[in-house]
Amino acid sequence: MRLVLLGAPGSGKGTQAQRMQARHSVPQVSTGDLLREAVAAGTQLGRAAQLVMQTGGLVADDIMLGIIRERLARPDAASGFILDGFPRTQAQADGLATLLQELGTPLDAVVLMEIAPEILLRRLAGRRSCRRCGRVFHVETNPPAPGERCADGRAHDLFQRPDDNEATVRQRLAVYCERTQPLIDHYARMGLLRRIDANGSLDEVEARLEAVLAPA
Ligand code: AP5
């Protein structure tokens, strides 16, 4: 399976990608997570990306394409991947198409996760992520189960993403409308787009996602 999950910040791309990866035996490739790892490691890329992310902008297309080229070359992506947060601009979509053509591995589908704006804001305000295992939770809708731990046996170390504050969220949504939404028509023209209602419980959204991916 070679899949792109498209949708506004907080639409549930990362959550559903994490759920899908074991079931389909393909990795979640989240450009946001890759950038946050670079920030935490203090690499040159991380230092450059940090300010852009904090202010809700987009990291430069050539940098993102380099990251994706390197990530998709790893052995675990040989039989497929779930792209979460990439592509986000027309240049990234074009670069991805070129890369996949070189590899001879075209996309199977692009799923647009459609969601009401007021729900997005609630989801982002309550999101917490585990610093150690990367799992995404929500203080109300998706807290860790009592006693639940990371794979290494330690308790989850939850934190709130610095870009989930109100001003940055507003900017991220504006950037999504301006730079990423045009990709909806792009992938519709290519016949790859599937739309799902991303409102509702985690299980409901997961079932809709699997339904649009099932062979006709
Ligand atoms: P990134 O990390 O990709 O952020 P995003 O696209 O803004 O998306 P989010 O991670 O905020 O939301 P999500 O849709 O994954 O929702 P989630 O599943 O967490 O990017 C961060 C930054 O990095 C960007 O702003 C940019 O600066 C940079 N960047 C990244 N990629 C880039 C690129 N390609 N080019 C340039 N720059 C790039 O869910 C949200 C919350 O809701 C969670 O708490 C979850 O538990 C909860 N939830 C999810 N589904 C449900 C449900 N059905 N019911 C109830 N609660 C739910």
Notebook entry, point to check: Shape call for region 100-140 from the C-alpha gyration tensor, a ≥ b ≥ c root eigenvalues: rounded (a/c under 1.5), prolate (a/b greater than b/c) or oblate?
Noted result: oblate
Checklist line | Separation of the Ser79 and His24 label points, Cα + 7 Å toward Cβ, nm | finding: 1.4 nm
Notebook entry, point to check: Counting only the heavy atoms of the protein chains, how much of Glu102 is accessible to a 1.4 Å probe, in Å² to the nearest 10?
Noted result: 110 Å²
Checklist line | Probe 1.4 Å - accessible area at Glu140, Å² to nearest ten | finding: 140 Å²
Item checked: Ratio Rg/Rh [Cα only; Rh per Kirkwood] for region 1-80 -> 0.97
Note to self: Heavy atoms of the protein only, probe of 1.4 Å, neighbouring chains included. What is the accessible area of Ile68 in Å², nearest 10?
What the structure shows: 0 Å²
Margin query: Give me the extension gain from Arg170 to Ala91: residue separation times 0.36 nm, minus the current Cα-Cα distance, reported in nm with one decimal.
Written below: 26.1 nm
Checklist line | D_trans [Stokes-Einstein, Kirkwood Rh over alpha-carbon pairs] for the chain, 10 °C, 1.306 mPa s, µm² s⁻¹ | finding: 89 µm²/s
Notebook entry, point to check: How large, in percent, is the carbon and sulfur part of the accessible surface of region 1-78 at a probe radius of 1.4 Å?
Noted result: 55 percent
Next item on the list: Run the numbers on the chain and let me know its relative contact order in percent, using alpha-carbon pairs under 8 Å that are six or more apart.
Entry: 29 percent
Item checked: Virtual paramagnetic centre 7 Å along Cα→Cβ of Arg131, amide N under 13 Å, in region 27-68 -> 40-41
Check: If you roll a 1.4 Å probe over region 93-173 with all protein chains in place, what percent of the accessible area is carbon or sulfur?
Finding: 53 percent
Next item on the list: Give me the accessible area per residue for the chain, probe 1.4 Å, as a whole number in Å².
Entry: 51 Å²
Next item on the list: Report the antiparallel proportion of the DSSP beta bridges in the chain as a percent, rounded to a multiple of 5.
Entry: 30 percent
Note to self: I want to make sure I understand the PRE zone here: with the label point 7 angstrom from the Cα of Asp152 toward its beta carbon, which residues in region 6-46 have backbone N atoms less than 15 Å away?
What the structure shows: 41
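The values are calculated or read from the model by the stated rules, or taken from the named source; none is laboratory data. As the structure is a computational prediction, the values presented were derived from the model and not from experiment. Backbone-built Cβ (ideal geometry, glycine too); neighbour counts: all protein chains shown. Each accessible area value is taken on the protein alone, full model and side chains, heavy atoms only, with ligands, DNA and RNA left out. Shrake-Rupley method; radii C 1.70, N 1.55, O 1.52, S 1.80 Å.
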